[in-house]
Amino acid sequence: MRNVSVCLFLVLVVSWVCHGQIIADHTHTDMGSINANHVTAACNMYRVYYGHTSHGSQIISGMEVMETRYGTPWRFNDDGSGGELSIQEEYGDLGHNGDTAWADMTRSTLNAPDNDRNVVMWSWCGGVSDNTPTGINTYLTTMTQLEQQYPDVDFIYMTGHLDGSGEEGNLHAMNELIRDYCRTNGKILFDFADIESYDPDGDYFLDLYADDECNYSGGNWANEWCTENYLSDLCLDCECAHSAPLNCNLKARAFWWLLAEMVENSGPGHPTPTPTAGPSGIEVVLEMPGHMFRSGDNCY
């Protein structure tokens with residue numbers, strides 16, 4: 001029994017190691033950098049449970065633009081029919097200081113007898129701006145507990161939207177706590193705030209007190225960029241809650257990039273190896289990085 005426990009522990013550790021850190025930020029909003037084959041694989045592989053309110057809807061709004069403009073493989077629906085990405089939307093968000101109601105809703109969904117979700121993502125509304133290190137730690141700890149409770153599910157962390165308080169504001173400090181945790185522990189992060197801090201040319205606006213509407217101390221960077229690049233598909237119109245269409249279109253591309261990168265990194269979303277009978281009753285076949293173990297090694 002001890003050997004079996006060790007094997008199962010190794011399976012979990014290896015799945016985390018193989019998955020690695022994935023961070024979707026402003027450097028991943030170029031559609032040309034997204035592997036379309038991996039997008040197709042993601043549509044077949046992942047079934048997303050996404051909890052959000054108005055700010056979180058920005059990703060969905062941008063995805064609708066891409067779907068209309070480009071068609072397959074950038075299509076999504078509720079149930080994944082037709083080879084499209086399945087996204088089940090839940091009304092709600094990550095709340096405020098120490099709120100974990102979203103975690104209870106997640107467990108209720110994942111524990112349902114007919115559950116088929118294998119990716120979970122929740123967005124913030126204004127809950128990072130007025131948060132505290134204790135509240136952010138509660139969020140991070142709860143996410144990690146969910147990962148441990150549901151090892152076959154990918155959990156996507158998120159930062160909170162900009163609020164105009166700049167680099168010295170509480171929002172930035174709390175977002176940095178989330179980023180540092182994800183970098184240190186190899187998590188999957190959708191960096192909502194980072195995408196709002198840069199225009200497509202890489203010009204930086206957080207130090208100019210940018211907010212979620214893309215306003216900054218000198219104007220509105222989204223409107224300015226689209227005035228200069230009015231033929232760009234990034235400026236295609238959409239109903240973008242609280243913001244300019246460019247913001248939604250950038251976030252949609254970053255989300256598709258994230259899913260494609262999850263495929264590339266062969267995370268827990270891939271089929272889990274099935275235990276088969278062995279000399280000791282249970283054999284677990286490990287899929288492991290070559291630099292850590294020999295190819296084909298078995299654990300009995």
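The values are calculated or read from the model by the stated rules, or taken from the named source; none is laboratory data. Because the structure is a prediction, the values reported are computed rather than measured. Note that we place each Cβ from the backbone using ideal geometry, even for glycine, and neighbour counts take in every protein chain shown. Surface accessibility is based on the protein's heavy atoms, side chains included, excluding ligands, DNA and RNA. Shrake-Rupley method; radii C 1.70, N 1.55, O 1.52, S 1.80 Å.
Ranking Gln145, Thr100, Leu231 by Cα position along the charge dipole of the stretch 82-232, where only Lys, Arg, Asp and Glu carry charges on their C-beta atoms, puts Gln145 farthest toward the positive end. The charge dipole of the stretch 147-204, taken about the Cα centre with unit charges on the Cβ atoms of Lys, Arg (+1) and Asp, Glu (-1), comes to about 320 debye, rounded to the nearest 20. Computed with a 1.4 Å probe over protein heavy atoms only, the accessible surface of the stretch 24-86 comes to 40 Å² per residue.
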